[in-house]
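The values are calculated or read from the model by the stated rules, or taken from the named source; none is laboratory data. Fair warning: this is a prediction, and the values are worked out from it, not measured in the lab. Quick reminder, even Gly has a Cβ in these numbers, built from the backbone with ideal geometry, and neighbours come from all protein chains shown.
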Amino acid sequence: MPKLDLSDVPVKTGSIYPDPYAAMMAGRSSLRLGQAGGLTQFGVNLVTLAPGAMSSLRHWHLHEDEFVMVTEGECVMVTDAGAEVMRPGDCAAFPAGVADGHHFLNQTDAPARFLVVGTKAPREVATYSDVDLMVVMEDGTATFTRKDGSAYVPEGV
């Protein structure tokens, strides 16, 4: 396969999160590089956070490993241990099954970018540390529930 032309890779914006969490992802975009290159066993995404944006709700994966490397700008990585500034070249690894919720914030006035590499399990469960929410990903479908397994219904619905 030839070198990927990043200008040909569609920019993904928005979120699969249900309301009210989807709106919290404003300012986050990504390039699905692994998908563009035809990879099927692991994902590779280049995530861009606009000033003030967050990467995701703080979460951890049951079946998938995740690796992050900052490529541009500055992010604050928030884990169960607290907040830590990350700059270009800084890396973090999140092994599958370790219940240490994480996400990245851009608290600067310039864009920040980081590369995310993760396995693609046939069935994945992600738990969101700070809210009563879980997701099961299977066959390309996301099913959101409360942490006790009951159906997630947005407030006011």
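Suppose we keep only residues that are in a strand (DSSP E or B) and at pLDDT 95 or above within the range 144-157. Which one would you say is nearest to A22 (Cα to Cα)?
By that ranking, first place goes to F144.
Would you confirm, using the coordinates I've provided, whether P88 is touching a residue at least 60 places away in the same chain (Cβ under 8 Å) and in a loop (DSSP other than H, G, I, E, B)?
It is false that P88 is touching a residue at least 60 places away in the same chain (Cβ under 8 Å) and in a loop (DSSP other than H, G, I, E, B).
Could you tell me how many of the residues in the range 62-89 are farther than 30 Å from E138 by Cβ and among the aliphatic types (A, V, I, L, M)?
6
Inside the range 76-93, can you point out the residues that are in contact with a strand residue (DSSP E or B) (Cβ under 9 Å, 6 or more places away or on another chain) and farther than 20 Å from A112 by Cα?
D80
Can you confirm whether the range 121-134 contains a residue that is closer than 22 Å to M25 by Cβ, small (G, A, S) and surrounded by 12 or more Cβ atoms within 10 Å (Cβ to Cβ)?
Within the range 121-134, one or more residues are closer than 22 Å to M25 by Cβ, small (G, A, S) and surrounded by 12 or more Cβ atoms within 10 Å (Cβ to Cβ).
What is the one condition in (1) in contact with a helix residue (DSSP H, G or I) (Cβ under 7 Å, 6 or more places away or on another chain); (2) over 24 Å from D100 (Cβ atoms) that T40 does not satisfy?
For T40, the failing item is (1).
Can you name the condition, by its number, that A81 falls short on among (1) in contact with an Asp or Glu (Cβ under 9 Å, 6 or more places away or on another chain); (2) free of Cβ contacts under 8 Å to residues at least 60 places away in the same chain; (3) surrounded by 15 or more Cβ atoms within 10 Å (Cβ to Cβ)?
(3)
Inside the range 1-11, can you point out the residues that are touching a residue at least 12 places away in the same chain (Cβ under 8 Å) and either closer than 22 Å to P122 by Cα or out of contact with any strand residue (DSSP E or B) (no Cβ under 8 Å at 6 or more places or on another chain) (or both)?
Once the filter is applied, which keeps residues that are touching a residue at least 12 places away in the same chain (Cβ under 8 Å) and either closer than 22 Å to P122 by Cα or out of contact with any strand residue (DSSP E or B) (no Cβ under 8 Å at 6 or more places or on another chain) (or both), the range 1-11 yields M1, L4, D8.
So S30 clears everything in (1) in contact with a His (Cβ under 8 Å, 6 or more places away or on another chain); (2) surrounded by 16 or more Cβ atoms within 10 Å (Cβ to Cβ) except one condition, right? Which one?
(1)
Among (1) touching a residue at least 24 places away in the same chain (Cβ under 8 Å); (2) outside any loop (DSSP other than H, G, I, E, B); (3) touching a Ser or Thr at 6+ places or on another chain (Cβ under 7 Å); (4) more than 17 Å from A22 (Cβ to Cβ), which single condition is V47 missing?
(4)
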